[in-house]
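S.K.: One structure is given below, represented as structure tokens, and several questions about it will come after.
The values are calculated or read from the model by the stated rules, or taken from the named source; none is laboratory data. Note that the coordinates shown come from a computational prediction; the quantities given were computed from them, not determined experimentally. Surface areas here come from the heavy atoms of the whole protein model, side chains and all, with no ligands, DNA or RNA. Shrake-Rupley method; radii C 1.70, N 1.55, O 1.52, S 1.80 Å.
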Amino acid sequence: MTLAATVIDGKAVAAEVRARVAGEVTELAAELGRPPGLATVLVGEDPASAIYVRRKREACEEVGIRSFHHEPPGDIPQEELLALVAELNANDEIDGILCQLPLPGGLDADEVINALDPAKDVDGLTPSSAGLLSRGDPAGLVPCTPSGVMELLAHAGVDPSGAEAVIVGRSNLVGRPLYSLLLGADATVTTAHSRTADLGEVCRRAEILVAAAGRPRLVTAEMIRPGATVIDVGTNRTDDGLVGDVDYAPAAEVAGAITPVPGGVGPMTIAMLLDNTVKAARG
Ligand code: NAD
């Protein structure tokens, strides 16, 4: 059977965002007398985290953002990690700080996040950033993956205003901030999660369905309202390779538009990180 859905090309949209950001970086560098700077902190040797951080640093270089990289060992004491964050907070050449999560066992990620200067919080994870977003105040930095989802919707010509939106997942990184963004865009938003009684019934309401549960192929074609826009945030490494939270091929026969994995939300996360770094540098 042929695909009914339009495939939303995250790589192409991300390339557009990066090109725009590159222009802004050039202007900003002239204004500031230095390039915008992003510090990356990779604690320990988690291979997936190492790949993500490498891609983020490469993307920075490509658009002219200077990257400052720190790679402390996995057994770094909490106090030393907090001291590193304080040093990066105080460094005037650094506009954004990204501490790659998850941290190795024994380290308190919340304490590290809370120590970040909210003005440099390019992941949008500090209580200050999260609080501003939940109040609908645009002053704070917004987490990259949810803002990438909003860019993809805009690019696909999907206006959330008045639409039924369902998010599967309620993490601080994706589900919760996306709730605020979709609500801010006037959608009627439902958040489903691991205790939702009838996930299929909730998902079938959605004109916009975002899957961010980290469960391979959790969302089946039967859970999708015909013609819905389906955004798959999930990235799950399985024996079949990298798969999303949506059972892609059957889902694409029902959905109106759908993002692939890979090549959907992933590239947007990196593009929005660059965008956030420019926003942080502008102050
Ligand atoms: P998380 O584990 O912190 O949160 C998962 C959420 O899904 C939880 O709120 C949980 O309640 C919900 N959930 C789990 N099982 C469920 C089920 N059976 N039914 C309904 N809800 C369920 O994960 P996260 O950090 O939000 O990430 C979610 C996924 O998105 C992961 O696969 C992650 O790798 C991926 N991710 C991708 C990007 C990207 O750039 N593409 C960025 C961030 C996260």
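S.K.: Using alpha-carbon positions, what is the distance between the centroids of the range 129-146 and the range 16-84, in Å?
M.R.: The distance from the Cα centre of the range 129-146 to that of the range 16-84 comes to 21 Å.
S.K.: Sticking with this structure for a sec: Students sometimes get this wrong: rank V265, V254 by accessible area, probe 1.4 Å, all chains present, largest first.
M.R.: V254, V265
S.K.: Helix by helix, which DSSP H runs in the chain go 20 Å or more along their axis at the Cα atoms and have an average Kyte-Doolittle hydropathy of 0.5 or more?
M.R.: 265-282
S.K.: Give me the percent of the accessible area of the chain that comes from carbon and sulfur atoms, probe 1.4 Å, all protein chains in place.
M.R.: Its accessible area is 50 percent carbon and sulfur atoms.
S.K.: List the extent of the Cα atoms of the chain along each of their three principal axes, largest first, rounded to whole Å.
M.R.: 53, 42, 37
S.K.: Which far-off residues, 5 or more places away or on another chain, put their amide H under 5 Å from the one on A39, with H placed in the peptide plane?
M.R.: F68, D95, G96, I97, L98
S.K.: Would you tell me the accessible area of I76, worked out with a 1.4 angstrom probe on the heavy atoms of the protein chains, in Å² to the nearest 10?
M.R.: Spelled out: I76, probe radius 1.4 Å, area about 20 Å².
S.K.: Once the piece of chain linking E80 and N114 is laid out straight, how much longer is it, given 0.36 nm per residue of separation minus the C-alpha distance between them?
M.R.: Difference between extended and current length: 10.7 nm.
S.K.: Here is a further query. In whole Hz, with x marking every Gly and Pro, tabulate ³J(HN,Hα) for the range 189-204 from phi via Karplus 6.51 cos²θ - 1.76 cosθ + 1.60, θ = phi - 60°.
M.R.: 10, 10, 9, 9, 7, 5, 9, 4, 5, 10, 4, x, 5, 5, 5, 5
S.K.: Turning to a different aspect of this structure: Calculate how many DSSP beta bridges within the chain are antiparallel, expressed in % of all such bridges and rounded to the nearest 5.
M.R.: Just about 10 percent of them are antiparallel.
S.K.: Using 0.36 nm per residue of separation minus the Cα-Cα distance, give me the extension gain between R282 and T6 in nm, one decimal.
M.R.: Extra length available between R282 and T6 comes to 95.7 nm.
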